[in-house]
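J.: I'd like to ask some things about the structure below.
The values are calculated or read from the model by the stated rules, or taken from the named source; none is laboratory data. Because the structure is a prediction, the values reported are computed rather than measured. Heads up, the Cβs are rebuilt from the backbone with ideal geometry, glycines too, and the neighbour counts pull from every protein chain shown. Accessible surface areas use protein heavy atoms only, side chains included; no ligands, DNA or RNA. Shrake-Rupley method; radii C 1.70, N 1.55, O 1.52, S 1.80 Å.
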Amino acid sequence: LNTLILSNNYLTDISPLTTNGLFISGADLDISNNYLDISDGSTTMNDISTLKGEGVNVTYEPQKGQPQPPYNLNIVSFSSTQITLQWEDGNNDWQYFAVARSTDDTNYTQIATTAILTYEDKGVVSGETYYYKVAAVNPIGYSDWTTSVSTTASDQ
């Protein structure tokens, strides 16, 4: 290969690119703005050193970090059998969202993941109060969790 542009993707590992003979000397590889650990001594930096040793010009900074948390978490509807959540996210730096639920606003359990900005919890019991938080997730990790919202499952 002469040129390979892999910037702005979801790369977390470039070791498959270090296969001998993939690039010719003087080739260009752009892996910038991904989810790679480029700290000293990391596997990625060792792979970059290998590629540079083969004469490949590697561009690799900056890297993406943890996602920003979603905001404006709200309960948009509820009944005795279902609670529907909705939130906003203006960063687009996530792969999916994690939804956590609690009955005491202290001990939360992740109950779902979703790639959209809403979630319907159909596992509720009428009369029980539920608290919810949401976090954005990408290959680097979880964002901070939102502030909790709560409601009691009932037919209003």
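J.: Do you know which residues across segment 130-149 are part of a strand (DSSP E or B), farther than 26 Å from residue 33 by Cβ and in contact with an Asp or Glu (Cβ under 9 Å, 6 or more places away or on another chain)?
T.: Passing the criteria: 130, 131, 132.
J.: Could you please let me know if residue 80 is in a helix (DSSP H, G or I), more than 20 Å from the chain's Cα centre (by Cα), at pLDDT 90 or above and of a type in the set (Ser, Thr, Tyr)?
T.: Against the criterion (in a helix (DSSP H, G or I), more than 20 Å from the chain's Cα centre (by Cα), at pLDDT 90 or above and of a type in the set (Ser, Thr, Tyr)), residue 80 does not qualify.
J.: Could I ask something else about it? Give just the number: which of (1) touching a Ser or Thr at 6+ places or on another chain (Cβ under 8 Å); (2) of a type outside the set (Lys, Arg); (3) without any contact (Cβ under 8 Å) to a residue 40 or more places away in the chain does residue 111 not satisfy?
T.: (1)
J.: In segment 56-95, what residues are within 26 Å of residue 30 (Cβ to Cβ) and either in contact (Cβ under 8 Å) with a residue 60 or more places away in the chain or open to solvent by 60 Å² or more (accessible area, probe 1.4 Å) (or both)?
T.: 57, 59, 61, 62, 64, 65, 66, 67, 68, 91, 92, 95
J.: Sort out which residues of segment 101-129 are of a type outside the set (Val, Ile, Thr), farther than 23 Å from residue 66 by Cβ and part of a strand (DSSP E or B), and write them in order of number.
T.: Result: 120, 121.
J.: When segment 16-68 is examined, which residues are found to be in a helix (DSSP H, G or I) and within 29 Å of residue 98 (Cα to Cα)?
T.: Passing the criteria: 43, 44.
J.: Identify, by number, the condition in (1) in contact with a Ser or Thr (Cβ under 7 Å, 6 or more places away or on another chain); (2) within 29 Å of residue 146 (Cα to Cα) that residue 63 doesn't meet.
T.: Checking residue 63 against (1) in contact with a Ser or Thr (Cβ under 7 Å, 6 or more places away or on another chain); (2) within 29 Å of residue 146 (Cα to Cα), the one that fails is (1).
J.: Restricting to segment 39-54, and then to whatever is in contact (Cβ under 8 Å) with a residue 24 or more places away in the chain, over 28 Å from residue 94 (Cα atoms) and not hydrophobic (A, V, I, L, M, F, W, C), can you tell me which residue is surrounded by the fewest Cβ atoms within 10 Å (Cβ to Cβ)?
T.: Applying the filter and picking the extreme gives 54.
J.: All but one of (1) open to solvent by less than 50 Å² (accessible area, probe 1.4 Å); (2) of a type in the set (Val, Ile, Thr); (3) under 21 Å from the mean Cα position of the chain (by Cα) hold for residue 12, so report the exception by its number.
T.: Evaluating residue 12 over (1) open to solvent by less than 50 Å² (accessible area, probe 1.4 Å); (2) of a type in the set (Val, Ile, Thr); (3) under 21 Å from the mean Cα position of the chain (by Cα) leaves (1) as the failure.
J.: Taking residue 120 as the residue in question, decide whether it is open to solvent by 80 Å² or more (accessible area, probe 1.4 Å) and more than 30 Å from residue 19 (Cα to Cα).
T.: yes
J.: Sticking with this structure for a sec: Run residue 36 past the list (1) open to solvent by 30 Å² or more (accessible area, probe 1.4 Å); (2) in contact (Cβ under 8 Å) with a residue 12 or more places away in the chain; (3) among the hydrophobic types (A, V, I, L, M, F, W, C) and report the number of the one that doesn't hold.
T.: (1)
J.: Here's something else I'd like to know. Between a residue in segment 128-146 that is touching a residue at least 12 places away in the same chain (Cβ under 8 Å) and farther than 22 Å from residue 104 by Cα and any residue that is open to solvent by less than 40 Å² (accessible area, probe 1.4 Å) and polar (S, T, N, Q), which pairs come within a Cβ distance under 7 Å, given they are 6 or more apart or on different chains?
T.: Qualifying pairs under 7 Å: 136/143.
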